[in-house]
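Novice: Would you mind keeping the following structure in view while I ask a few things?
The values are calculated or read from the model by the stated rules, or taken from the named source; none is laboratory data. Keep in mind the model is a prediction, meaning the values are calculated, not measured. Methodologically, a virtual Cβ is constructed for each residue, glycine included, from the backbone with ideal geometry; neighbour enumeration extends over all protein chains shown. These area figures cover heavy atoms from the full protein model, side chains too; ligands, DNA and RNA do not enter into them. Shrake-Rupley method; radii C 1.70, N 1.55, O 1.52, S 1.80 Å.
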Amino acid sequence: MRQFALQGAAVILVLSIAWPYFGWKAEAMPWLQTCLAIGSVALVFATLSRQPWWWRVIHAAFMPLIWLTHSFAIDPGWFLLAFVLLLLVYRGALSGQVPLYLSNKQTVAALAELLAEREAPHFLDLGAGVGSTTVPLADLLPDGHFTGYENAPLTWLLGRILSLGRHNIRWRWEDLWQANLAEYDVVYAFLSPTPMPDLWAKVQAEMQPGSLFVSNSFPVPGATPSRIIEVGCQPPRPLYCYQI
């Protein structure tokens, strides 16, 4: 909502000046220049409010891209279809600012080595996506028990298909906040910085002593990891391990 407010403020400010001016001159609104002006003002607002650099780029480009897209005269039905598909894949980004990340082979190998230290581990992947972590781990450690929570319908469906035939995987179409962390001795998350404080509170409240919480790439603010595993990949994706 903050980002909508910033963009909306830029639109209101520019149009409140441009519309009366060109109306008084009885000239058509130059929409390209107007959109560029809105983008410039939105960039200033985003900079003053100290938004991350990618939000500044989005604010600067949003209205000019709308003008460019409108010039193509694309049928609105295609936009509806694109919105539905994006919602089916990136529902977590909308509801919890958690985009879809896919774990790479190096991360899976590091996790497999970590899990091998435990006998028949019960592993939970919060925000499991299409199973890029859970499925290969289940193949590497057939004696383990693996559960994936995913709430985006299309990614859940793909993960469910990929997990078929593996008796040691439970694939759940549920929000990660509904998971009972007490059932698992290793909980893994590859989310974003935004939910980490709330997730850490849930971890501390539910996970049992001796269990392990692992966060890919995003450390828990204010908490010191008991171990950091440097994964040999680019970009770097360290695993922050917190012994409970």
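Novice: Residue check, His59 against (1) open to solvent by 70 Å² or more (accessible area, probe 1.4 Å); (2) over 30 Å from Glu230 (Cα atoms); (3) at pLDDT 90 or above, all met but one. Which one?
Specialist: His59 satisfies all of (1) open to solvent by 70 Å² or more (accessible area, probe 1.4 Å); (2) over 30 Å from Glu230 (Cα atoms); (3) at pLDDT 90 or above except (1).
Novice: Determine the pairs where a residue that is charged (D, E, K, R), located within region 1-13, has a partner that is outside any helix (DSSP H, G or I) and crowded, with 17+ Cβ neighbours inside 10 Å with Cβ atoms under 9 Å apart, the partner being 6 or more residues away or on another chain.
Specialist: So the pair list comes out as Arg2/Gln51.
Novice: Within the bounds of region 65-74, is there any residue that is within 25 Å of the chain's Cα centre (by Cα) and either assigned to a helix (DSSP H, G or I) or among the basic types (Lys, Arg) (or both)?
Specialist: Our first condition is that a residue be within 25 Å of the chain's Cα centre (by Cα); within region 65-74, this holds for 65-66.
Those left that are additionally either assigned to a helix (DSSP H, G or I) or among the basic types (Lys, Arg) (or both): 65-66.
Yes: region 65-74 contains one or more residues that are within 25 Å of the chain's Cα centre (by Cα) and either assigned to a helix (DSSP H, G or I) or among the basic types (Lys, Arg) (or both).
Novice: So if I check each of Ala46, Ala82, which one is under 30 Å from Gly129 (Cβ atoms) and touching a residue at least 12 places away in the same chain (Cβ under 8 Å)?
Specialist: Ala46 is the lone residue from the list that is under 30 Å from Gly129 (Cβ atoms) and touching a residue at least 12 places away in the same chain (Cβ under 8 Å).
Novice: Mind counting the residues in region 115-140 that are open to solvent by less than 10 Å² (accessible area, probe 1.4 Å) and either outside any loop (DSSP other than H, G, I, E, B) or not hydrophobic (A, V, I, L, M, F, W, C) (or both)?
Specialist: Within region 115-140, the subset open to solvent by less than 10 Å² (accessible area, probe 1.4 Å) is 115, 121, 123-126, 128-129, 131, 133-134, 137-138.
If we keep only those that are either outside any loop (DSSP other than H, G, I, E, B) or not hydrophobic (A, V, I, L, M, F, W, C) (or both) too, we end up with 115, 121, 123-126, 129, 131, 133-134, 137-138.
Adding up the residues that qualify gives 12.
Novice: Can you tell me which residue within region 219-239, out of those that are open to solvent by less than 40 Å² (accessible area, probe 1.4 Å) and touching a Pro at 6+ places or on another chain (Cβ under 7 Å), is farthest from Ala109 (Cα to Cα)?
Specialist: Of the residues in region 219-239, the ones open to solvent by less than 40 Å² (accessible area, probe 1.4 Å) are 220, 223, 225, 229, 231, 233, 238-239.
Filter once more, so that each one left must be touching a Pro at 6+ places or on another chain (Cβ under 7 Å): 225, 229, 231.
Working: Pro225: 20, Ile229: 11, Val231: 9 Å.
Only one residue tops the list, namely Pro225.
Novice: If you go through region 187-218 one residue at a time, how many are of a type outside the set (Gly, Ala, Ser) and closer than 23 Å to Ala109 by Cα?
Specialist: First, the residues of region 187-218 that are of a type outside the set (Gly, Ala, Ser): 187-188, 190-191, 193-200, 202-204, 206-209, 212-214, 216, 218.
Applying the additional criterion that residues be closer than 23 Å to Ala109 by Cα yields 187-188, 190-191, 212-214, 216, 218.
Residues meeting the conditions: 9.
Novice: If you don't mind, there's one more thing I want to ask. Being aliphatic (A, V, I, L, M) and closer than 25 Å to Ala120 by Cα: is that true of Val220 here? Before the answer, list the steps.
Specialist: On the way: aliphatic (A, V, I, L, M): yes; closer than 25 Å to Ala120 by Cα: no.
When the stated conditions are applied, Val220 does not pass them.
Novice: Among what's in region 13-44 and is within 30 Å of Thr194 (Cα to Cα) and β-branched (Val, Ile, Thr), pick the residue that is most open to solvent (accessible area, probe 1.4 Å).
Specialist: Here the answer is Val44.
Novice: Does Thr47 satisfy the criteria of being open to solvent by less than 30 Å² (accessible area, probe 1.4 Å) and hydroxyl-bearing (Ser, Thr, Tyr)? Please lay out each step first, then the result.
Specialist: Numbers: open to solvent by less than 30 Å² (accessible area, probe 1.4 Å): no; hydroxyl-bearing (Ser, Thr, Tyr): yes.
Against the criterion (open to solvent by less than 30 Å² (accessible area, probe 1.4 Å) and hydroxyl-bearing (Ser, Thr, Tyr)), Thr47 does not qualify.
Novice: Here is a follow-up. Restricting the search to region 141-154, which residues are surrounded by fewer than 24 Cβ atoms within 10 Å (Cβ to Cβ), of a type in the set (A, V, I, L, M, F, W, C) and not in a loop (DSSP other than H, G, I, E, B)?
Specialist: In the first step, residues of region 141-154 are kept if they are surrounded by fewer than 24 Cβ atoms within 10 Å (Cβ to Cβ); the result is 141-145, 147, 149, 151, 153-154.
Retained after the next criterion (residues that are of a type in the set (A, V, I, L, M, F, W, C)): 141, 154.
Within region 141-154, Leu154 is the sole residue that qualifies.
Novice: Six or more apart or on different chains, Cβ atoms under 6 Å: show the pairs whose first residue is in region 103-121 and closer than 21 Å to Gly159 by Cβ and whose second is assigned to a loop (DSSP other than H, G, I, E, B) and open to solvent by 60 Å² or more (accessible area, probe 1.4 Å).
Specialist: Qualifying pairs under 6 Å: Gln106/Gly232.
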